[in-house]
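Student: Just passing along the structure, written as structure tokens.
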Amino acid sequence: MLNTSFYYRTNSLIADTFPVAQIAHEVGTPLYLYSLKRALHNYYTIKEAFDGANIQAHIHYSIKANGNLALLRGLIAAGAGMDAVSGGEIFRAITAGASPDTIVYAGVGKTMAELRYAVEQRIGWINVENRDECDLINAIAGTVGVRQRIALRLNPHIVANTIPNIATGHGGAKFGLSMNIIEDILRDKHLFPHLDFAGIHIHIGSQLHDIAETAEAVKIARDLAFRHGIKTLDIGGGFPVAYQDGDELPHPSAFAQVIAPLVNGLDVMLEPGRGIIADAGILVTEVQYIKKQDWDTFVIVDAGMTELIRPMLYEAHHSIIPLEQRSGDSERVQVVGPVCESTDVFARQVPLVNPQRGDLLAVMTAGAYGMAMASNYNARVRPAEVMISASGLAWEVARRRETWEDLIRGEV
Ligand code: LLP
């Protein structure tokens with residue numbers, strides 16, 4: 001799962017221009033290491049794919065994938081807007097320097113306080129998923145004295161081909177509004193004088209394997225928009241990322257090509273998260289013990305489900321490779337974390353050559369939904385995050401490792 005930013009040079013794993021081991025020795029492990037250069041490359045790949053299909057797409061990076069301020073700043077400087085799902089993420093975006101009007105705020109359960117904050121900050125868009133939410137935002141906007149631009153999130157009842165746990169656009173899902181409810185709201189829009197019903201939003205799932213379903217969903221949303229003279233279509237995120245060699249997945253340009261003929265005359269918004277940061281980040285971990293027992297070899301590392309929960313939560317695959325390659329025959333080992341849970345296993349069939357205590361390993365493609373979903377379970381401190389600059393020539397600790405003091409802060 002190597003790429004232009006993470007590759008081997010004479011058997012050592014390099015991140016842009018730095019041996020990963022050098023950074024790990026300086027900062028310690030476990031450690032998230034990101035390449036801003038790779039993230040920006042991914043951002044421009046998506047942008048150019050849509051430019052190439054003659055769609056002026058506004059890209060709103062989905063903060064939930066990875067909200068590190070250094071990353072947000074880099075993307076904002078490149079021209080990205082932000083997609084937030086909570087008041088906290090709006091706060092992050094604004095702290096990183098995002099202009100509020102470039103922020104989109106989505107979510108099934110926005111609280112009154114979050115909505116008030118969003119409207120007061122004058123954020124660009126609120127993606128609405130509930131008729132009661134229209135009432136709330138209308139009332140808040142009236143009090144604040146603004147007309148709030150909103151997009152109604154349609155559940156297009158499309159079953160996306162992805163891990164079932166991360167599909168969102170099918171009937172029975174909690175996300176979005178069914179067509180008949182949206183039609184009712186739009187029929188009644190005179191009841192909401194402080195709302196500007198300017199967009200339709202869809203997001204059918206993450207790690208989408210199939211462009212046909214996106215096309216189908218876009219068609220349904222587009223027809224709805226046309227029926228009501230709505231000019232903006234927010235088609236969500238979902239660009240897939242290869243997690244193992246041989247994964248064959250549609251390129252952003254395949255999505256752009258299939259969407260282009262459908263959205264003539266409409267403004268398009270995108271909300272990619274994973275497609276920008278997943279393969280621009282790795283989790284570096286140190287082998288603590290080797291335990292050969294029964295018929296297995298367990299390689300016990302200092303990261304676990306507290307740092308990266310995707311394998312345990314979704315049975316997601318992440319390749320695990322050594323920072324220093326050894327020659328010789330590999331054996332198949334289980335790479336497991338230290339957390340007191342049987343499911344704290346990264347992978348069961350990892351080929352490693354003669355693994356030793358003290359070896360450093362990289363869990364690949366971990367930039368998205370890694371640190372963002374990290375926890376303090378077992379009173380473990382969350383890891384440090386290091387960002388390598390856009391030039392690839394400098395790095396800095398973008399977030400320090402937590403301390404035990406951080407763990408008890410706020411308790412009485
Ligand atoms: N927009 C909306 C409305 C979303 O719900 C999501 C992701 C995105 C954009 C960004 O999707 P992306 O481009 O990253 O696929 N924790 C799971 C993924 C959950 C995705 C939630 N929504 C995982 O680790 O696979």
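Just so you know, all these numbers are worked out from the coordinates, no wet-lab data involved. No experiment lies behind these values; they were computed from the predicted model shown. Cβ atoms come from the backbone with ideal geometry, glycine included; neighbour counts cover every protein chain shown.
Student: Using the alpha-carbon atoms, what tilt in degrees (0 to 90, nearest 10) does helix 131-144 show relative to the longest principal axis of the chain?
Tutor: Approximately 80 degrees, to the nearest ten.
Student: Roughly speaking, what is the stretch gain from ALA212 to VAL397, that is 0.36 nm per residue apart minus the C-alpha to C-alpha distance, in nm to one decimal?
Tutor: Once the chain is fully extended between ALA212 and VAL397, it gains 62.5 nm.
Student: Here is a follow-up. So which residue, out of ILE185, ILE202, ILE388, gets the largest mean-square fluctuation from a GNM of the chain using Cα contacts under 10 Å as springs?
Tutor: Result for the chain, Cα springs under 10 Å: ILE185 fluctuates most.
Student: With labels modelled as points extended 7 Å from the Cα through the Cβ direction, what inter-label distance (nm, one decimal) is found for GLU26 paired with ILE181?
Tutor: If labels sit at GLU26 and ILE181, their model points lie 5.1 nm apart.
Student: With runs of 4+ DSSP H residues as the only contributors, calculate the mean residue ellipticity of the chain at 222 nm using -39,500 (n - 2.57) per run, divided by the residue total and rounded to the nearest 500.
Tutor: Taking each H run of at least 4 residues, the total per residue is -8000 deg cm²/dmol.
Student: Can you figure out the FRET efficiency of ASN378 with ASP101, using R₀ = 30 Å and their beta-carbon distance, to the nearest 0.05?
Tutor: Approximately 0.10, to the nearest 0.05.
Student: If you don't mind, there's one more thing I want to ask. How are the Cα pair distances of the chain distributed, in percent, across 10 Å bins from 0?
Tutor: 5, 22, 30, 24, 14, 5, 1, 0
Student: Going by a ≥ b ≥ c, the root eigenvalues of the Cα gyration tensor, does the range 37-274 fall in the rounded group (a/c under 1.5), the prolate group (a/b larger than b/c) or the oblate group?
Tutor: Cα axes put the range 37-274 in the oblate bin.
Student: With each pseudo-label sitting 7 Å past Cα toward Cβ, what's the VAL412-GLN293 distance in nm, one decimal?
Tutor: 4.2 nm
Student: Let me ask something else about it. State the Kirkwood hydrodynamic radius of the range 108-217 in Å, one decimal place, computed from all pairs of distinct Cα atoms.
Tutor: 14.7 Å
Student: Tell me the relative contact order for the chain as a rounded percent, counting alpha carbon contacts under 8 Å between residues six or more apart.
Tutor: It comes to 20 percent, rounded to a whole number.
Student: Is the range 286-412 best put as rounded, prolate or oblate by its Cα gyration tensor, with a ≥ b ≥ c the root eigenvalues, rounded for a/c under 1.5, and otherwise prolate when a/b is larger than b/c, oblate when not?
Tutor: Oblate shape, in that a/c is at least 1.5 and b/c is the bigger or equal ratio.
Student: What full-extension length gain, to one decimal in nm, is calculated for ARG227 and ALA242 as 0.36 nm per residue of separation minus the Cα-Cα distance?
Tutor: The span from ARG227 to ALA242 would gain 1.6 nm if fully extended.
Student: If you don't mind, another one. For a footprinting-style exposure proxy, rank PHE239, PHE298 by other Cβ within 10 Å, fewest first.
Tutor: Fewest-to-most ranking of PHE239, PHE298: PHE298, PHE239.
Student: Let me ask you something else. Provide the FRET efficiency to the nearest 0.05 for the ASP132-GLU405 pair, computing r from the beta carbons and using R0 = 45 Å.
Tutor: 0.60
Student: Based on other C-beta atoms within 10 Å, arrange HIS318, HIS203 from fewest to most.
Tutor: The most exposed by this proxy come first: HIS318, HIS203.
Student: Which FRET efficiency, nearest 0.05, do SER327 and VAL159 yield, Cβ-Cβ r, R0 60 Å?
Tutor: Result of the calculation: an efficiency of 0.80.
Student: Moving to a separate point now. Just how large is the dipole of the range 1-123 about the Cα centre, in debye to the nearest 20, putting +1 at every Lys and Arg Cβ and -1 at every Asp and Glu Cβ?
Tutor: For the range 1-123, the charge dipole is close to 100 debye.
Student: So how much slack lies between ASN54 and THR10, counting 0.36 nm per residue of separation and subtracting their Cα-Cα distance, in nm?
Tutor: Using 0.36 nm per residue and subtracting the Cα-Cα distance, I get 11.6 nm.
Student: Please report TRP125, TRP295, TRP395 as a ranked list, fewest other C-beta atoms within 10 angstrom at the top and most at the bottom.
Tutor: Least to most surrounded, the residues fall as TRP295, TRP395, TRP125.
Student: Number of Lys pairs in the range 37-274 with C-alpha atoms less than 22 angstrom apart, excluding same-chain neighbours closer than eight positions?
Tutor: 12
Student: When the dipole is taken about the Cα centre of the chain, and only Lys, Arg (+1) and Asp, Glu (-1) are charged at their Cβ, what size is it in debye, to the nearest 20?
Tutor: That gives the chain a dipole magnitude of about 580 debye.
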